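Data first, discussion second: the structure below is written as structure tokens.
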Amino acid sequence: MNEVIKKYREEITQKLIEALENGTAPWVKPWNGSSAPVNAVTGEKYNGTNNIALSLIGEQYDNGEDPRWCTFKQAAAKKWHIKRGAKGTKISYWRIMETKPDDQNDEEPLKNTWLMQRVYVVFHASQIENMPEYIHETLSPEQCCEKAERLIADTGANIRHGGFEAFYNRSEDYIQVPKKENFKTLGGYYATILHELTHWSGAPSRLDREKGKKFGDERYAREELVAEIASMFLSNETGIAMTDEHFENHAAYISSWISLLKNDNDAIFRAASEASKAAEFILRAEREREKAQSQKNAA
């Protein structure tokens, strides 16, 4: 790993540690319709640790209201201007690299491929002049809840309501959560189910993630971090707010997350990667619907 990548990982890890120590997290959004960070030019959402890093830093600019970012080159191509003195934010991007063997006799020579991580610098919309005004596509609370309910139903998971604890029973493959009316907010209710659905996705018959044997061990802490990050990705998809209630319900894990991050600068990157896989597994039916709708609109 080169020094640029190493320093970048250290910086992202430190920012997350500071946020957790201050009692905040990038996945806490107290409003419905919260958006994931997005590229202002391509419209593509940033995922993995880029989502986490830009969510954290975006709060410093405008409380996260405008999710748009872009590179200096992209801004210049649009004739937008980076404000004087603006400091960019580093993100990472994986590129597929390939080489061909020197043997030119083969009609279809084999290609050697590998992944290379690159670091780029992006700027927040508030640091850029001449950008169009951001128009937030706001979903009503009812629409957000409908999408969340549809996403949850699509999984086919066995979800039981009752009691005052939330957990995933791995041996019997079911999720237990308190009744909806026992939560202070709808955001707390749905974020909790999405968190537990991430654990559900890690069952041996699904993504087969190692769970950890007891509270406090490293693998247990890592799985809880994966679930928390994945629930953030899923909440962004539904527009459901992840509130302080949800964060408070998982406060017991904060010290173990901080310890994990302090001991391993790569921990957040591995957790974000596993969280992305879990979220996409849960979103399979939703992605198929989106694809079908896109094809219908193009016809």
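When the residues of the stretch 15-66 are narrowed to those that are at pLDDT below 75 and hydroxyl-bearing (Ser, Thr, Tyr), which ends up surrounded by the fewest Cβ atoms within 10 Å (Cβ to Cβ)?
Applying the first criterion (at pLDDT below 75) to the stretch 15-66 yields 23-35, 63-64.
Those still in the list that are hydroxyl-bearing (Ser, Thr, Tyr) too: 24, 34-35.
On the way: Thr24: 14, Ser34: 24, Ser35: 20.
My answer is Thr24.
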Pairs with Cβ under 6 Å, 6+ apart, first in the stretch 142-159 and under 15 Å from Glu196 (Cα atoms), second part of a strand (DSSP E or B): Ala157/Ile175; Asn158/Tyr174; Ile159/Ile175
The stretch 150-199: number of residues that are touching an Asp or Glu at 6+ places or on another chain (Cβ under 7 Å) and among the β-branched types (Val, Ile, Thr): 3
Filtered residue count, the stretch 184-203, keeping only those that are part of a loop (DSSP other than H, G, I, E, B) and either touching a His at 6+ places or on another chain (Cβ under 9 Å) or modelled with pLDDT of 95 or more (or both): 3
Verdict on Leu194 being under 13 Å from Ser231 (Cβ atoms) and aliphatic (A, V, I, L, M): yes
Residue match in the stretch 90-113 (condition: in contact with a Gly (Cβ under 8 Å, 6 or more places away or on another chain) and either surrounded by 15 or more Cβ atoms within 10 Å (Cβ to Cβ) or modelled with pLDDT of 90 or more (or both)): no
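Is it the case that some residue within the stretch 74-81 is surrounded by 10 or more Cβ atoms within 10 Å (Cβ to Cβ), at pLDDT 90 or above, assigned to a strand (DSSP E or B) and more than 17 Å from the chain's Cα centre (by Cα)?
Step one: list which residues in the stretch 74-81 are surrounded by 10 or more Cβ atoms within 10 Å (Cβ to Cβ), which gives 74-78, 80-81.
Now narrow it down to the ones that are at pLDDT 90 or above: 74-78, 80-81.
Filter again for assigned to a strand (DSSP E or B), leaving 81.
Then keep just the ones that are more than 17 Å from the chain's Cα centre (by Cα); that gives 81.
Yes, the stretch 74-81 contains at least one residue that is surrounded by 10 or more Cβ atoms within 10 Å (Cβ to Cβ), at pLDDT 90 or above, assigned to a strand (DSSP E or B) and more than 17 Å from the chain's Cα centre (by Cα).
Name the single residue that is surrounded by the fewest Cβ atoms within 10 Å (Cβ to Cβ) among those in the stretch 201-222 being of a type in the set (A, V, I, L, M, F, W, C) and under 25 Å from Ser259 (Cα atoms). If you could, list the steps in order and put the result at the bottom.
We begin by selecting, within the stretch 201-222, every residue of a type in the set (A, V, I, L, M, F, W, C); these are 203, 207, 215, 221.
Cutting the leftovers down to under 25 Å from Ser259 (Cα atoms) gives us 215, 221.
Details: Phe215: 11, Ala221: 22.
Out of the qualifying residues, it is Phe215.
Just the residues that are in a strand (DSSP E or B) and basic (Lys, Arg), please, taken from the stretch 115-153. First the steps, then the outcome.
Within the stretch 115-153, the first condition is being in a strand (DSSP E or B), and the residues that meet it are 115-124, 128-129.
Of everything in the stretch 115-153, just one residue is in a strand (DSSP E or B) and basic (Lys, Arg), namely Arg118.
The values are calculated or read from the model by the stated rules, or taken from the named source; none is laboratory data. What you see is a predicted model, and the numbers here were worked out from it, not measured in a lab. No Cβ is skipped: glycine too gets one built from the backbone with ideal geometry, and neighbour counts run over all protein chains shown.
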